[in-house]
Amino acid sequence: MRNLYLRLHVLTTLLLALLSSNSLIAQTFSSYDYQLGPGDQIEILVYGENELNVNTHIGDNGVINYPYIGELQVTGMTIGGLKKAITTALKGDYLVNPIVQISIEQYRPFFIDGEVQVPGGYAFQPGLTIVKAAALAQGFTERASKDKIYITRETDGEQQRLKVDLNTQLRPGDIVTVEQRFF
């Protein structure tokens, strides 16, 4: 049994190293029409305007406070949409031609519960699948059904429960539920 735990620990460590070093996966995910939400941390840079550079966490109300503009409701916006909103707001009154760059510094966590060794919330990494999420939770329990896995995902303000398989890609904020199998 101790040998099994050691193998799981080594596998988890390798998966984390792979996820954190694979920039191609990160680029693919960031080009996706990802919608910002509470828990995300973003960085906003305006070329040549250091006082407008902001690194901020999106709070529970989905609002950020931005210099010279004030409060911006960002929940549900994409990076491109937020970039356009900030550029438009700064153009004319404050800057002639603002060059705005926005990046996601940290995604909101995902959650995994049910028949995994250590259920809970974990840091999201681009390229994360159900099987990798289970590895982060130190593996499935003996009673886990690998055919009865569900994701609760918010899409356009509505919660949806989706039946998925082990290779399904996760998104930030997803809640994975691994149900029990019957012997």
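The values are calculated or read from the model by the stated rules, or taken from the named source; none is laboratory data. Because the structure is a prediction, the values reported are computed rather than measured. FYI the Cβ positions are ideal-geometry reconstructions off the backbone, even for glycines, and counts take in every protein chain you see.
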Self-check item: the stretch 79-93: number of residues that are farther than 18 Å from Gly62 by Cβ and surrounded by 18 or more Cβ atoms within 10 Å (Cβ to Cβ)
Solution: 1
Quiz item: So, in the stretch 143-179, of the ones that are under 20 Å from Asp33 (Cα atoms) and among the basic types (Lys, Arg), which residue ends up nearest to the chain's Cα centre (by Cα)?
Solution: Arg171
Exercise. Considering (1) surrounded by 15 or more Cβ atoms within 10 Å (Cβ to Cβ); (2) touching a residue at least 60 places away in the same chain (Cβ under 8 Å), say which one Gly157 fails and leave the rest.
Key: (1)
Quiz prompt | Top-ranked residue of the stretch 95-123 - restricted to ones that are among the small types (Gly, Ala, Ser) and surrounded by 15 or more Cβ atoms within 10 Å (Cβ to Cβ), ranked as farthest from Ile151 (Cα to Cα) | solution = Ala123
Practice problem: Could you pull out the residue among Pro119, Pro126 that is within 30 Å of Thr56 (Cα to Cα), outside the structural domain of Thr88 (by TED's automatic domain parsing) and in contact with an Asp or Glu (Cβ under 7 Å, 6 or more places away or on another chain)? | Solution: Pro119
Exercise. Considering every residue within the stretch 61-69, establish whether at least one is farther than 23 Å from Thr155 by Cβ, among the small types (Gly, Ala, Ser) and not in a strand (DSSP E or B).
Key: no
Quiz item: Among Phe124, Phe140, Phe182, which is the only one that is within 14 Å of Leu36 (Cα to Cα), free of Cβ contacts under 8 Å to residues at least 60 places away in the same chain and among the aromatic types (Phe, Trp, Tyr)?
Solution: Phe124
Quiz prompt | Residue selected from the stretch 10-44 under the condition surrounded by fewer than 13 Cβ atoms within 10 Å (Cβ to Cβ) and farther than 26 Å from Gly76 by Cα, by the criterion modelled with the highest pLDDT | solution = Thr13
Exercise. Output the number of residues of the stretch 70-102 satisfying the condition of being farther than 15 Å from Leu45 by Cβ, of a type in the set (A, V, I, L, M, F, W, C) and part of a strand (DSSP E or B).
Key: 1
Practice problem: Tell me, please, whether a residue that is over 23 Å from Arg153 (Cβ atoms), at pLDDT below 90 and either touching a strand residue (DSSP E or B) at 6+ places or on another chain (Cβ under 6 Å) or of a type in the set (A, V, I, L, M, F, W, C) (or both) can be found in the stretch 45-60. | Solution: no
Quiz item: When you look at Leu166, is it in a strand (DSSP E or B) and either touching a Lys or Arg at 6+ places or on another chain (Cβ under 7 Å) or surrounded by 14 or more Cβ atoms within 10 Å (Cβ to Cβ) (or both), yes or no?
Solution: no
Exercise. Scan the stretch 108-130 residue by residue and report those that are outside any loop (DSSP other than H, G, I, E, B), of a type in the set (Phe, Trp, Tyr) and in contact with a Leu (Cβ under 9 Å, 6 or more places away or on another chain).
Key: Phe110, Tyr122
